[in-house]
1. Which condition breaks for residue C:33 when tested against (1) out of contact with any helix residue (DSSP H, G or I) (no Cβ under 6 Å at 6 or more places or on another chain); (2) within 14 Å of chain A (Cβ to nearest Cβ); (3) part of a loop (DSSP other than H, G, I, E, B)?
2. In the set B:27, B:22, which member is assigned to a loop (DSSP other than H, G, I, E, B), within 30 Å of residue A:226 (Cα to Cα) and either more than 11 Å from every other protein chain (Cβ to nearest Cβ) or not basic (Lys, Arg) (or both)?
3. Name the residues in the range B:1-27 that are at pLDDT 60 or above, charged (D, E, K, R) and either farther than 18 Å from residue A:146 by Cβ or more than 31 Å from the chain's Cα centre (by Cα) (or both), would you?
4. On the given criteria, is residue A:160 assigned to a strand (DSSP E or B), over 13 Å from the mean Cα position of the chain (by Cα) and touching a residue at least 60 places away in the same chain (Cβ under 8 Å)?
5. Do we have residue B:52 as within 11 Å of chain A (Cβ to nearest Cβ), of a type in the set (Val, Ile, Thr) and over 20 Å from residue C:4 (Cα atoms) here?
6. Restricting to the range C:1-25, give me the number of residues that are in a loop (DSSP other than H, G, I, E, B), surrounded by fewer than 16 Cβ atoms within 10 Å (Cβ to Cβ) and not acidic (Asp, Glu).
7. Taking the condition crowded, with 21+ Cβ neighbours inside 10 Å, under 30 Å from residue C:211 (Cα atoms) and more than 11 Å from the chain's Cα centre (by Cα), does residue C:91 pass?
8. Residues to consider are B:130, B:172; find the one that is under 30 Å from residue A:58 (Cα atoms), surrounded by 14 or more Cβ atoms within 10 Å (Cβ to Cβ) and touching a strand residue (DSSP E or B) at 6+ places or on another chain (Cβ under 7 Å).
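The values are calculated or read from the model by the stated rules, or taken from the named source; none is laboratory data. As the structure is a computational prediction, the values presented were derived from the model and not from experiment. Because the Cβ atoms are built from the backbone with ideal geometry, glycine has one as well, and the counts that use them run over all protein chains shown.
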Amino acid sequence: MAYTKRLDGRKFDELRPIKAEIGIIPNADGSAMFAFGETVAIAAVYGPKPLHPQHMQDPEKGIIRCNYNMLPFSVTERAKPGPSRRSKEISMITENALSGVVDLKRFPGTVIDIEIMILQANASTRCAGINAAAMALAHAGVVMREMVSSVSIGKIDDKIATDITKDEEDYEEGEGATDIPFTITSNSEAITHLQLDGKIQTERLREAYDAALKASKKILDYQTRALKGEKIDENK
Amino acid sequence: MTETKERRRLVIPGEIIASGEDYLPGDFTRKEGKNIIAQRYGLLEGDRVIKIIPVSGVYEPRRGNTVIGRVSDITFNGWIVEIGGPYGAFLSLMECPRFINKNDIAEFANIGDVFSAKIFSVKRNSIDLTLKSRGLGKLEGGRIIKINPHKVPRVIGKEGSMINLIKNETQTEINVGQNGYIWIKGDLAGEEKAEKAIELVAKEANSEGLTEKIEKFLGAKIKKINPEEVEQEEGEE
Amino acid sequence: MDIPNINKNRIAEILEKGKRLDGRKLLDYRDIDIETNISINAEGTARVRIGKTEVIAGVKMDVQEPYTDHPDEGTLITGMEFSPICGSRYESGPPKIDAIEVARVVDRGIRESKFIDFKKLCIKEGEKVWSVLIDIYAINDDGNVLDASALASVAALRVARMPEYDEKTEKVKFGEFTKDSIPLTENIPFTMTFHKIKGNLFADPNRDEEDTSEGRVTLAITKPKKEYIINAMQKGDVALISIDELEQIVKESEKLYDKIFPEIDKKIEKLTKK
C-alpha cells in the first residue's frame, strides 16, 4: 500500500506543533528551546571567551565548539549517559552548520561553546538542536550574517514529507524511509548541513531541497518571533 | 521585508531592516544591493545610517574603557585579571601608580582581589590595563554586582545623572565598569538599595519615565523648581 | 568572573547580622517550583527549580539479574551530571567528583529510607528483578543543586509508571506503560543541606553563598510517624563541625522539614494524580 496519508494525519508539507522560547537558562550568554512536536531541544551559548589551552587557539579566528547530548531518559530505551559516536558526529555537523554564518574573525583565539540537550526525542533531534542553537547564538549577541533553520525531510515510500517522526523513519513498505536532514540559511538559501540515509533517485534531490526550503521559511518565522519575545507553544 | 524601519524595534540577524538607495550600513549591518541587513540581535536605530544597538552579548573591550576586574593569577611581573568577555587582561607592575617590588606583588593584590582599571591597549588577543589615572586602584570593602554591559550607559545616565542620583540617595560610593561589573560601597542597607536600584535601571532601561521610577524607588525628595511650592515649603519649615 | 574576595566578606558580614544579601532569613529557602512528566519517553520525570537553580531528573526502568547478596530485591542506580549547560565553570567530560557526590548522596537518602519497596520489585527470585535508573542533570546552577537534585529524584519516582513486562519473553516492552506506580512506601526522604560561614548556619545557598561557604552538612530526613529519622548524612568540604553545631543543624532540619515538606508533599501528590 502506497504512503498516501501520513501516519499522524499531517499534510505532507506540514510541520508538527512547534514550541520556541529564548532566555531559558539564566547563567548562559544566550539560550533557547525549540521543539518539533515531541522532540524537545534546549541550547545554551557561552562566549565568545578565551580558548584554553592556548595551543588550540587560532590566531586568525575564533571557533565554535558544540556538545550535543541526549538525556538517557529522552528515548524509549534508556541511552547510556556520555558521548557516543553518534552524538560526536552530531556535535560536529552542528558546529559546521553554524560556523558558516557566524563572523568568527571578530574575536580570534576565542571559543563560543554551544551546549545542546535533547530532553525528549521523536526523530529530528539534531534539527531541533540546530534550531535552538541558532536562536541561542543570536540571543547571545553573536554577530551572524543570517540565521539558519533546520528540518528533517523524509522520502516515505515515494512521497516527500516534511518533519518526519520516528514512526515514519521506521516505515518499511514500498521504498521504505529515507531521512534527509537539511539546514538552510535564511537569506542566501544555501545549505550549511546535509545528510542522507536511505534511498532516493538523483532527480528527486531537488524536490527534497524545495520541501526543506519551504519548511525552513516557516521555522525561521518561529525563531524570529521567539527572539522578539514570544513564548510559542502550539501544543496549547 | 520592510521598506521603512521603525525606531528602536528589535531585529534579528539576517533581517532586512531598510531598503533603498539612500540608506547606509552602520554598526552590525551590511548592505546587499538595495537592502540593509542586520547582522546582530539588537535594536534598530538611525535615519540615514542604519545601525543596530546591541542588547545582549559579552563585553567587548575598547581602549580607554574603565573596567572592574578580578585577579585570577599572579605572574612574576604583574596580575592576570578577569574582566569578562572574549579576552583576559593583564596588569603590569609598571602600570601601578606607585612602585611595587616584585616580591610584594601578592601583598598589593592577591587572587580574588578586584581593581578598577583602564584599558590602555587592546592587541589581538591581549588586553593591557593600567591603574595610572584618577579614580583607579584596588577596591576595598563593598561588593561587586554584575549587569548586562549594554545597559551601562543607561545606568550611568546623561553626564552621570542616574548613577549620581543613586549614589546620593543611598549614601554609597559607586564605580561603574564598562564591562558591566559595578562596585558599591556603603553601609549594608545602602548597598542593598543601590544594588536593587541599579538592577531596576538595567531591567527597565528602555522604558519611559525611568528617572521618575528610580527616584520613587529610592524615596527621593523630588525638588520642583516652582516658586509657589518653594514658598509653601519655606512656610512649613 | 569567580566570586571576588570583597563579596565573600560582605556575605560573611551580613550573615553575622542574621541576614542574607538577597534579603532572605538564614534558613529561608528560595521559591521552589516542581513540574513533572516533562519527558514522555521516560517512566517518570521531574523538573525542580529552587530560585534560579534548575535540575531535571528522569527515571527509567529495566529488568536484570539481582545482586547475589539480595536475590529477591530490585536495584537502584543513580547518576548525576553537571553539564557545561548549567554554568561556565563546568567542562564537558565524564562526571567529576562533585557530580559523583551529588549522585551518591541523593541515592543514599532514597535507598536508606526504604522509600522504594525493593522486595516488590522482584519478578523471579535469584533471576529477574526490576532495576530503577535515575539520571539527574543540572540545567542552571545558582547554588544548592544537591537539594534540588534530591527533590527532583523523589518527585520523578512518585509520578513514574512501570513499563509493561512480557512474562513469556521475559523482556520489558519499552514505550508501553502500565497504570502501576513504582512500589513506594510512606518513608519519603526530604534532603536539606546546611552551610556554615564563621559559625553562622544557613540553608539553601545561592551560587555566591555556596562559593563562600566553609562547610556543609546534608541530611535526608523521613518522618513516617511522629519521629524524625535521619536516613543519610554527608559532611562536605573541609571545615570542622563541632558536635554542638551538628546538633543545632539537626534541630533546624526538623523545623525546616515541618515548615517546607508538607506543602511540597501536597504539590507532588497532586501531580501524581494527573
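1. (3)
2. Details: B:22 fails: within 30 Å of residue A:226 (Cα to Cα).
Going through B:27, B:22 in turn, the sole match is B:27.
3. At the first step, the residues of the range B:1-27 found to be at pLDDT 60 or above are B:7-27.
Imposing the further condition that a residue be charged (D, E, K, R) reduces the set to B:7-9, B:15, B:21-22, B:27.
Once the filter is applied, which keeps residues that are at pLDDT 60 or above, charged (D, E, K, R) and either farther than 18 Å from residue A:146 by Cβ or more than 31 Å from the chain's Cα centre (by Cα) (or both), the range B:1-27 yields B:7, B:8, B:9, B:21, B:22.
4. Numbers: assigned to a strand (DSSP E or B): yes; over 13 Å from the mean Cα position of the chain (by Cα): yes; touching a residue at least 60 places away in the same chain (Cβ under 8 Å): yes.
So residue A:160 passes the test.
5. Details: within 11 Å of chain A (Cβ to nearest Cβ): yes; of a type in the set (Val, Ile, Thr): yes; over 20 Å from residue C:4 (Cα atoms): yes.
Taking the combined requirement at face value, the residue satisfies it.
6. Qualifying residue count, the range C:1-25: 3.
7. Numbers: crowded, with 21+ Cβ neighbours inside 10 Å: no; under 30 Å from residue C:211 (Cα atoms): yes; more than 11 Å from the chain's Cα centre (by Cα): yes.
Answer is no for this residue.
8. Values: B:172 fails: under 30 Å from residue A:58 (Cα atoms).
Residue meeting the stated conditions: B:130.
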